[in-house]
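Read through the structure below, which is laid out as structure tokens, and then see the notes.
Just so it is clear, none of the values below were taken in a lab; they were calculated from the coordinates. Predicted model, so just to flag it, every value in this text is computed and none were measured. So basically every Cβ, Gly included, is an ideal-geometry build from the backbone, and we count neighbours across all protein chains shown.
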Amino acid sequence: MALHEDDAIVLTRHAFRERDWVVVVLARGSGQVRLMARRARSLRSGQGQSLEPLAVVRLSYFERHGAELATLHEVSLIRSGFELAAQPEAWAAAQVVAELALVYCPQGQRAEEPFRLVDHCLQHLASGGDPLATVHYAELWFLRLSGVLPALDRCGRCEVALPVGPLVFDTGERVCVCSEHRPPAGVVMLPEAATTWLRHALHARLDSVGAAAPPPAPAWLASLRQQYTDRNLASLPYLLSLLRA
């Protein structure tokens, strides 16, 4: 049985039996980890208080080869999610970012860049950042880190540089194409406003992105996710309903 130590972000947790939590974290060195936190639901448990969703923690855990769940050993709080919980829209957006991490980050793979991405998004939301822009930025970068996002600056067929302006996405080949290689059907048109946002967000920090991605960029990003993971986001409709209200 191996003992691991790592920094992690608590993505979600579920009650188990009378006093235990099953906790899912995004660990910097190990990616997604599912932990059994025994007796952590007790009112006197310091571990339970540190394992609040969206908290950043330092933890150690035992992992047995072939076991579905690791066993939490120790945990200490680095940063709580209290500031997010006090802002309903920020909290809802943070839940979407956490769900994106669950979707894109498999178990057993080092997650240094996804960890930094989620941590950056949570801090941005806590400081009053735009909730929807944060979600769009996170989705864009998770696609890029997963190797799914097509190149936006060159044709996926002939590698010629694509000009500034609208993009043509070939849905069959899943690449952006130049005018010469545009197919007669099966394309998605990304207008200039959408491509400008996407290209800027790939080279900028979140705090300089500003507003949410203009349509149809969010739907296009979602379609790439669905093709790659076959997953919808259960937390997104709630965020959208809050923003509409």
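Give the label of the value calculated from the structure for Rg and Dmax of the Cα atoms in Å, choosing from (1) 16.9, 53; (2) 19.8, 67; (3) 21.6, 69.
Derived directly from the coordinates: (2).
Under a Cβ-only charge scheme (Lys and Arg +1, Asp and Glu -1), can you give me the dipole magnitude of the range 38-168 about the Cα centre, in debye to the nearest 20? Write down the numbers at each step before the final one.
On the way: 12 positive and 14 negative charges, 96 e Å.
Dipole magnitude for the range 38-168 comes out near 460 debye.
Projecting each Cα onto the charge dipole of the range 111-245 (Lys/Arg +1, Asp/Glu -1 at the beta carbon, about the Cα centre), which of ALA161, LEU149, LEU132 comes out farthest on the positive side?
Toward the positive end, the furthest listed residue is LEU132.
Based on DSSP H runs of at least 4 residues, each adding -39500 (n - 2.57), what is the mean residue ellipticity at 222 nm of the chain after dividing by all its residues, to the nearest 500 deg cm²/dmol? Show your work: numbers first, answer last.
Numbers: 8 runs with 88 residues, N = 245.
It comes out at -11000 deg cm²/dmol, rounded to the nearest 500.
Could you please report the charge total around ALA93, scoring K, R as +1 and D, E as -1 over all other residues with beta-carbon less than 12 angstrom from its beta-carbon?
Numbers: positive: none; negative: GLU89, GLU99, ASP130, GLU139.
Local net charge: -4.
Please give the contour-minus-distance gain from ARG58 to ALA245: 0.36 nm per residue of separation, less the Cα-Cα distance, rounded to one decimal in nm. Walk me through the numbers on the way to the answer.
Numbers: separation 187, 0.36 × 187 = 67.32 nm, distance 3.71 nm.
Roughly 63.6 nm would be gained on extension.
How big is the range 130-245 on each of its three principal axes, counting only the C-alpha atoms and giving the largest first in Å?
Result, largest extent first: 45, 31, 25 Å.
Let me check against my output: what whole-number percent is the relative contact order of the range 111-245, with C-alpha pairs under 8 Å and at least 6 apart?
Numbers: 144 pairs, mean separation 31.7, N = 135.
Normalised by residue count, the contact order of the range 111-245 is 23 percent.
Could you tell me how many degrees, from 0 to 90 and to the nearest 10, lie between the Cα long axis of helix 217-229 and the main elongation axis, the longest principal axis, of the Cα atoms of the chain?
Compared with the principal axis, the helix lies near 60 degrees.
How much length is gained on full extension from VAL164 to ARG39, taking 0.36 nm per residue of separation minus their Cα-Cα distance? Intermediate results must be reported in sequence, preceding the final value.
On the way: separation 125, 0.36 × 125 = 45.00 nm, distance 5.69 nm.
Stretched out fully, the VAL164 to ARG39 stretch lengthens by 39.3 nm.
Explain nothing, just the number: dipole magnitude of the chain about its Cα centre with +1 on each Lys and Arg Cβ and -1 on each Asp and Glu Cβ, in debye rounded to the nearest 20.
Numbers: 24 positive and 25 negative charges, 113 e Å.
Once rounded to the nearest 20, the dipole reads 540 debye.
Compute the separation of the alpha-carbon centres of the range 175-203 and the range 21-88 and state it in Å as a whole number.
Comparing the Cα centres of the range 175-203 and the range 21-88, I get a distance of 41 Å.
In whole percent, what relative contact order does the range 37-110 give with Cα contacts below 8 Å and a gap of six or more residues? Don't skip to the answer; put the middle values down first.
Numbers: 73 pairs, mean separation 18.4, N = 74.
It rounds to 25 percent for the range 37-110.
Please report the relative contact order for the chain, taking Cα pairs under 8 Å with a sequence separation of at least 6, and give it as a percent rounded to a whole number.
On the way: 453 pairs, mean separation 38.8, N = 245.
Reported relative contact order: 16 percent.
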